[in-house]
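All of the numbers you see were taken from the coordinates with simple rules; none came from a lab. Not measured: the values here are computed from a predicted model. Backbone-built Cβ (ideal geometry, glycine too); neighbour counts: all protein chains shown.
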Amino acid sequence: MKLFIPYLALVFGSVIIGQNAAYAHGSYRPSGQPSPSDTAVRPAGKMPDISKYKTYIDETLQKHIQEFKGFISIPSISSLPARKEDVLACAGWLKNRLESMKPDQVEIIPTDGHPVVFAQWNKAPGKPTVLIYGHYDVQPVQEDLWTGKPFEPRIDNGRIYGRGASDDKGGVITAIWAIEALLQQDGQLPVNLKFLFEGEEEIGSPHLEKFVATHKELLKAAYTYNVDAMQESETQPEMVMSVRGGATMEFTLSTANRDLHSGVYGGKLPNAAGALAQIIASLHTGDGKVAVAGFYDRVKPMTAEEKAMAAKAPNDEQNEMKTYGATLFTGEKGYTSTERVWYRPTLDVTGMWSGYTAEDGFLNIIPASAHCRLMCRLVEDQRGDEIIELIKKHIAAHLPAGVRISYKDLGGFSNAAAKFPANTDAFRAAVAVLTNLYGKQPLLMGTGGSNAAMAIFKTQLGQPAYSFGFLRDDENYHSHNEFMRIADLQKGQYALCMLLTYIGSR
């Protein structure tokens, strides 16, 4: 598959000057404030007038903020068994909210894990069907690192803070509010619409593929979009054209039935922590490549188009190191940092522990056990289960004498990579709307992250799910003090209203 460069040259042959731009050359103003200019460069084809929807969106802003606080306050942490009832409560909150908009169908549909929430409106005969995906589950929290309570949302300087505010409850609620705006103003939708909100994205969507495979007809659509997605900046849109897959594993090394006195047994019996260090050191070569035999067998070389796209992406390495307190860029030799993140697979240690690790004191022992968690980010055609087996073979070949190993099932976090074509109506519609809103064409980007749903939709439904979201990279998702800008909640609604009316008018 080829991702074309320059960005959109094959999509639009020309642009024209248009009226009623909501976001032109960085002139976006929240809460309906006027822009210095009401003209913008836009792609060929007439854009719909969304002024009446904007008025409704701006007038309901304060009401919606309070509602959003209630949504964020539900601790729907999918990875913690103790939060199972909270995840279910969050699904119930969504169902009740969607029911207030009188869809033709709304259900909480069970899976073998956490449920999905599905809704659809089918009252636009002759119009295409649009499927919108998002997720309502969130990451765990380290509460002592937060300035406030992670599930007691607060407003500060135009931002709403709370776990999930950005990833992805902000995307989900923005989509719901946009549909409400369309229904309130028109009494109907310009397209047939389906929502699929998942409750397991943060644990790798282990049950989504089975659900999608058994509900293909229910999920059938001509256009599919993912609101768990980013904008490059306030003034620059982006669309993600590839995502990496992922696979995780955990293992434990054992050398004795208990920790042993370091003076009596040190140098005589094997040390589990030392054995773990040897294994970890064997996983990479000196030039940054993964040393596991067969790891790269399915990896295809980068295309010229992919190299060109990576070269055009914003990439200030010095600023990035300063921001995160790092001093060096590392990784596989022969590739830029952007190329490594977008198109090359990785194997990383995400956790390791052994022996006495309390903050104070010193325990003179030879550790009898050591534990390690590994995470692989995979590229197209690599298979997570195959990669895990290759790593196990590598560990077995490098296991020191006198050391036993066992593996722990981490719940099936293994998903595939995906790339998205640039020649579909869904892609062109998203590009047209984003170009109109921002006054510039979106950057076409890859991402080093994983989203299992993107590969599942492509393989099971034959539908690429294009990114159409308004999160930003600085919003601390997966970290403490997560937030989303209120202005971006508004912008997202404007964009979705325009997207759906644009698709419905074609």
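What whole number of Å gives the distance from the Cα centroid of the range 44-82 to the Cα centroid of the range 434-462?
Centre-to-centre (Cα) distance: 21 Å.
Show me the ranking of peptides 223-231, 308-316 by mean Cβ neighbours inside 10 Å, starting with the highest. List each step's numbers first, then the result.
Numbers: 223-231: 24.7, 308-316: 15.7.
Peptide ranking by packing, descending: 223-231, 308-316.
Please report, in cubic angstrom per residue, the volume enclosed by the convex hull of the alpha-carbon atoms of the range 181-252.
Numbers: hull volume 13.2 nm³, N = 72.
Taking the convex hull of the Cα positions in the range 181-252, it is 183 Å³ per residue.
Explain nothing, just compute: Karplus ³J(HN,Hα) = 6.51 cos²θ - 1.76 cosθ + 1.60, θ = phi - 60°, for every residue of the range 357-369 in order, whole Hz, x for Gly and Pro.
10, 5, 5, 10, x, 8, 10, 7, 9, 9, x, 8, 8
Tabulate in residue order the Karplus-calculated ³J(HN,Hα) for the range 374-384, using 6.51 cos²θ - 1.76 cosθ + 1.60 with θ = phi - 60°, rounded to whole Hz; enter x for Gly and Pro.
10, 10, 10, 9, 10, 10, 3, 5, 6, 10, x
Extending each Cα 7 Å along its Cβ direction at Ser337 and Glu389, get the distance between those two points in nm, one decimal.
Calculated label separation equals 3.7 nm.
Where does the range 351-405 land on Rg(C-alpha)/(2.2 N^0.38 Å)? Write down the numbers at each step before the final one.
Working: Rg = 15.8 Å, N = 55, 2.2 N^0.38 = 10.1 Å.
So the Cα radius of gyration is 1.57 times the expected 2.2 N^0.38 Å.
Please express the shape of the range 38-149 as an equivalent ellipsoid: the semi-axes are the square roots of 5 times the eigenvalues of the C-alpha gyration tensor, given largest first in whole angstrom. Don't skip to the end; give the middle numbers.
Numbers: eigenvalues 206, 95, 42 Å².
Ellipsoid half-lengths, sorted descending, are 32, 22, 15 Å.
Average projected area of the Cα convex hull of the range 432-503, in nm²?
Numbers: hull surface 24.9 nm².
Average projection, Cα convex hull of the range 432-503: 6.2 nm².
Would you mind calculating the gained length between Thr55 and Ala401 on full extension (0.36 nm times residue separation, minus the Cα-Cα distance), in nm to one decimal?
Values: separation 346, 0.36 × 346 = 124.56 nm, distance 7.15 nm.
Residue separation times 0.36 nm, minus the Cα-Cα distance, leaves 117.4 nm.
Quick check: pseudo-label points 7 Å beyond the Cα along Cα→Cβ at Arg373 and Lys300, how many nm apart are they?
3.3
Can you tell me the dipole magnitude for the range 276-353 around its Cα centre, using point charges on the Cβ only (Lys, Arg +1; Asp, Glu -1), in Debye to the nearest 20?
Values: 9 positive and 10 negative charges, 25 e Å.
The dipole magnitude comes to about 120 debye.
Calculate log10 I(q)/I(0) of the chain for q = 0.09, 0.14 Å⁻¹, where I(q) comes from the Debye formula with a single equal point scatterer on each Cα and nothing for solvent.
Listed by q, the Debye log ratios stand at -0.67, -1.50.
Taking the alpha-carbon set of the range 87-191, what are its Rg and Dmax in Å?
Expressed in Å, the Cα Rg and Dmax of the range 87-191 come to 16.1, 54.
For the range 116-265, just the Cα set please: Rg and Dmax, both in angstrom.
Gyration radius and largest Cα-Cα distance of the range 116-265: 21.9, 82 Å.
Taking the Cα centre of the chain as origin, work out the dipole magnitude from +1 charges on Lys and Arg Cβ and -1 charges on Asp and Glu Cβ, in debye rounded to 20.
Working: 51 positive and 56 negative charges, 194 e Å.
About 940 debye.
When the Cα centres of the range 213-245 and the range 94-151 are compared, how far apart do they sit, in Å?
One Cα centre to the other: 15 Å.
Taking the Cα centre of the range 355-506 as the origin, how large is its charge dipole in debye, to the nearest 20, when only Lys and Arg (+1) and Asp and Glu (-1) carry charge on their Cβ atoms? Write down the numbers at each step before the final one.
Values: 15 positive and 14 negative charges, 90 e Å.
Once rounded to the nearest 20, the dipole reads 440 debye.
Give a residue-ordered list of calculated ³J(HN,Hα) values for the range 59-71 (Karplus: 6.51 cos²θ - 1.76 cosθ + 1.60, θ = phi - 60°; whole Hz; x for Gly, Pro).
For the range 59-71, the Karplus curve yields 5, 9, 4, 5, 4, 5, 4, 4, 5, 4, 4, x, 5 Hz.
Given the peptides 383-393, 433-443, arrange them by the average over their residues of other C-beta atoms within 10 Å, most packed first. If you can, show how the numbers build up before the last one.
Numbers: 383-393: 16.9, 433-443: 23.9.
My ranking of the peptides, most packed first, is 433-443, 383-393.
Express in whole angstrom the spacing between the alpha-carbon centres of the range 290-318 and the range 371-391.
17
Find how much the distance from Leu328 to His478 grows on full extension, using 0.36 nm per residue of separation minus their present alpha carbon separation; answer in nm with one decimal.
Values: separation 150, 0.36 × 150 = 54.00 nm, distance 2.30 nm.
Between Leu328 and His478, full extension yields 51.7 nm more.
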